[in-house]
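Here's the structure we're looking at; comments come further down.
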Amino acid sequence: MPLSLHAAFVPGALQMIGTTHGLIDKAEAWCSEQGSEPAALIGACLHDEMLPFAYQVKSVADHTGGAIEGLRAGVFSPHMEAPPQDFAGLRAKLDQAIATLEGVSEDELEAKIGAPMFFQMREFKMPFTADNFLLSFSQPNFYFHAATAYDILRMKGLSVGKRDFLGRMRLST
């Protein structure tokens, strides 16, 4: 049986949102234990030329639930608003993405295969088919941003490991 677009995208997206939720939980607990201001982690970057933890979390939401919203509209444009600057706001962004992903059916995604889809940022526009947009653009992006969020916390000294990144795996029963 062939793999559906839904099966190729949605479960992995939900897994990485769960991972990112767990990273926020670990970050909040670490701040409490260390007596550190949350802004120290929320605004932390791996490098001066990279965006902070909050942006990485926001981007996980944008490239999962936001990708589905873009697919429905036929165009995905990055949300340019600033990311939330507190743990509750970051969680809320992820929760919105979860709701969107849980609301998309296999039939809806299968019907989009081959449909034209665009990534647009200001005047820059990249053409895709809907399936190639999800699998070659959004999927690598949400993994990248989840890994970067994880790396920021590791760099700051939090005790997170590979299992924290893998999150809830889909094991056989």
Residue match in the range 52-73 (condition: free of Cβ contacts under 8 Å to residues at least 24 places away in the same chain, open to solvent by 60 Å² or more (accessible area, probe 1.4 Å) and of a type in the set (A, V, I, L, M)): yes
Criterion: of a type in the set (D, E, K, R) and touching a residue at least 24 places away in the same chain (Cβ under 8 Å) - qualifying residue of Arg122, Arg170, Arg163, Arg154: Arg170
Qualifying residue in the range 87-107 (condition: modelled with pLDDT under 95, among the small types (Gly, Ala, Ser) and more than 26 Å from Ala7 (Cβ to Cβ)): no
Residue that is most open to solvent (accessible area, probe 1.4 Å) [pool: residues in the range 120-167 that are over 24 Å from Thr20 (Cα atoms) and aromatic (Phe, Trp, Tyr)]: Phe124
Some residue of the range 56-75 being more than 14 Å from the chain's Cα centre (by Cα) and acidic (Asp, Glu): no
Test: Met80 is surrounded by fewer than 23 Cβ atoms within 10 Å (Cβ to Cβ), touching a residue at least 60 places away in the same chain (Cβ under 8 Å), over 15 Å from Thr20 (Cα atoms) and of a type outside the set (S, T, N, Q): no
Condition check for Met126: hydrophobic (A, V, I, L, M, F, W, C), under 17 Å from the mean Cα position of the chain (by Cα) and at negative phi: no
Count of residues meeting criterion [free of Cβ contacts under 8 Å to residues at least 24 places away in the same chain and among the charged types (D, E, K, R)] in the range 125-151: 1
Residue count, the range 83-107 (criterion: open to solvent by less than 70 Å² (accessible area, probe 1.4 Å), touching a residue at least 60 places away in the same chain (Cβ under 8 Å) and more than 20 Å from Ala146 (Cα to Cα)): 2
Positions within the range 68-108 being under 26 Å from Asn132 (Cα atoms) and of a type in the set (Lys, Arg), in sequence order: Arg72, Lys93
Residue list for the range 13-32, restricted to those being under 14 Å from Gly65 (Cα atoms) and open to solvent by 10 Å² or more (accessible area, probe 1.4 Å): Leu14, Gln15, Gly18
The lone exception for Cys45 - which of (1) free of Cβ contacts under 8 Å to residues at least 24 places away in the same chain; (2) outside any helix (DSSP H, G or I) it fails: (1)
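The values are calculated or read from the model by the stated rules, or taken from the named source; none is laboratory data. Because the structure is a prediction, the values reported are computed rather than measured. Glycine also receives a Cβ, built like all others from the backbone with ideal geometry; neighbour counts cover every protein chain displayed. Quick note on the areas: whole protein, heavy atoms, side chains included, nothing else; ligands and nucleic acids left out. Shrake-Rupley method; radii C 1.70, N 1.55, O 1.52, S 1.80 Å.
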